[in-house]
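Scroll down for the structure; my scribbles are underneath it.
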Amino acid sequence: MKTLVLVEHEGGAIKDATLATVGAAAKLGDVDLLVTGAGVGPVGEAAAKIAGVGTVHVAGGAELEHPLAEAVAPVAVRLMDGYDAFLTASTTTGKNIAPRVAALLDVMQVSDILSVESEDTFTRPIYAGNAIATVRSSDAKKVITVRTTAFEKVAAEGGSGSVQPIEAAVTDGKARFVSAETSKSERPELTSAAIIVSGGRALGSSEQFHSLIDPLADKLGAAVGASRAAVDAGYAPNDYQVGQTGKIVAPQVYVAVGISGAIQHLAGMKDSKTIIAINKDEDAPIFQVADVGLVGDLFKIVPELTEKL
Ligand code: FAD
């Protein structure tokens, strides 16, 4: 099969999610890439170095400065004459663009795949990850979003692809970029962090959340996450949320502090390599998935742990 993978990039750097998506695409066949954006020549060059890639199509231009689905999808669709499958990471950007590509190609999208069983058969989570469905697509062209935590990232270096400039498609101008508000943090990004410290409702206030969780995360060089209850209560910002309706993460180490382990939270973190839970209730469901459990009062344990570290 010939596959085309959408490259996600920010500040000139290719995102890890793309490397994992290339890993998934490589299980289907040959991998070419699509880079879009304004002034993305260097991104195209970097993409060509990704292990195993062939052609890197680079579409530039002011219209593509922001990855609007309305602008990017027509570029991908035009290329799809020569491809059997289009893949994106199951990220905010990927989940925005892929459905539009699928609609324009008049095919069904296969969402959030966990594995490639064969060229038309995939597994994907349903019921918040409580069951895994095996799905087969009979569409001639596949449009697939990839759960990136389920696939090995390919090496960012070592490839020798060729860069092919292409023209941006003309858009209908009905959608335009107005502004973006992004949060800036010195900490690692949640979805690619090796270690995550997450806080739950038990933290009790925004002040306590930040005065207990942040120093522990700083000691560990970790990203900070939160349960939905903590986010809803205003203890932590929205983009910290881990879970079914938040971010899906699978770090080397996930530290859950004062989080009960509701099924919707587990859906976002249960594939973490080592799970450490701190909770005063020894029957809390989080302990069923935890590799290391500390039963006790977080207000005592967390400062002690931070101090010892
Ligand atoms: P709680 O369940 O209230 O747990 C707090 C825990 O802290 C308890 O286990 C308690 O024993 C412990 N504790 C209390 N005091 C202390 C102390 N002093 N020391 C140590 N431990 C203490 N949730 C998510 O997280 N992410 C999602 O994406 C998400 N999506 C959802 C989608 C839907 C459709 C629905 C219906 C729910 C969703 N939820 C999600 C909410 C989810 O069901 C839970 O309500 C939420 O995860 C609970 O958060 P929590 O564990 O912080 O709070």
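Quick notes on this one:
- Between GLU45 and MET1, residue separation times 0.36 nm minus the direct Cα-Cα distance comes to 13.4 nm.
- Above-threshold pairs, the threshold being 22 Å between Cα atoms, out of LYS49/LYS270; LYS49/LYS153; LYS95/LYS174; LYS2/LYS270; LYS247/LYS308: LYS49/LYS270; LYS2/LYS270; LYS247/LYS308
- When only the Cβ of Lys, Arg, Asp and Glu is charged (+1, +1, -1, -1), the dipole of the chain relative to its Cα centre reaches about 260 debye.
- When +1 charges are put on Lys and Arg Cβ atoms and -1 charges on Asp and Glu Cβ atoms, the dipole computed for the range 198-281 relative to its Cα centre reaches about 220 debye.
- Estimated distance in nm for a label pair at GLU186 and LYS219, the labels positioned 7 Å out from Cα along Cα-to-Cβ: 1.7
- Positive-end residue of ALA13, TYR127, ALA156, charge dipole of the range 2-166 with Cβ unit charges: TYR127
- Summed residue charge, Cβ within 14 Å of LEU64's Cβ, Lys/Arg positive, Asp/Glu negative: -3
- For the chain, the share of accessible area belonging to carbon and sulfur comes to 48 percent (1.4 Å probe, ligands and nucleic acids excluded).
- The C-alpha atoms of the chain define a longest principal axis, and helix 298-308 lies at about 80 degrees to it.
- Rounded FRET efficiency, nearest 0.05, which uses the C-beta distance separating GLN164 from GLU207 and R0 of 51 Å: 0.45
- Surface per residue (accessible, 1.4 Å probe) for the range 195-308, Å²: 46
- Here the calculated FRET efficiency for ARG78 and ALA133, from their Cβ-Cβ distance with R0 = 35 Å, stands at 0.65, rounded to the nearest 0.05.
- With K and R counted +1 and D and E -1, the other residues having a Cβ less than 9 Å from that of GLY23 yield a net charge of +1.
- Accessible surface, per residue, of the range 2-166 when the full set of protein chains is kept, probe 1.4 Å, Å²: 43
- Rounded accessible area of ASP281 (nearest 10 Å², 1.4 Å probe): 70
- Counting 0.36 nm for each residue step from THR121 to ASN238 and taking away their Cα separation leaves a gain of 38.7 nm.
- Charge sum, other residues only, whose C-beta stays under 9 Å from LYS142's C-beta, Lys/Arg counted +1 and Asp/Glu -1: -3
- FRET E, pair LYS280, ALA194, Förster distance 22 Å, beta-carbon r, rounded to 0.05: 0.20
- Sites listed here are chymotrypsin sites (Phe, Trp or Tyr not before Pro) in the range 59-135 whose DSSP assignment is loop and whose Cβ has at most 15 other Cβ atoms within 10 Å: TYR127.
- Selection of trypsin sites (Lys or Arg not before Pro), the range 98-182, meeting DSSP coil and at most 10 other Cβ within 10 Å: LYS174
- Signed unit charges on C-beta, dipole axis of the range 195-308, positive-most listed residue SER206, GLN241, LEU305: GLN241
The values are calculated or read from the model by the stated rules, or taken from the named source; none is laboratory data. Source: prediction; values computed, not measured. Reconstructed Cβ throughout: ideal geometry from the backbone, glycine too, with neighbour counts over all protein chains shown. The area values use the complete protein model at the heavy-atom level, side chains included, leaving out ligands, DNA and RNA. Shrake-Rupley method; radii C 1.70, N 1.55, O 1.52, S 1.80 Å.
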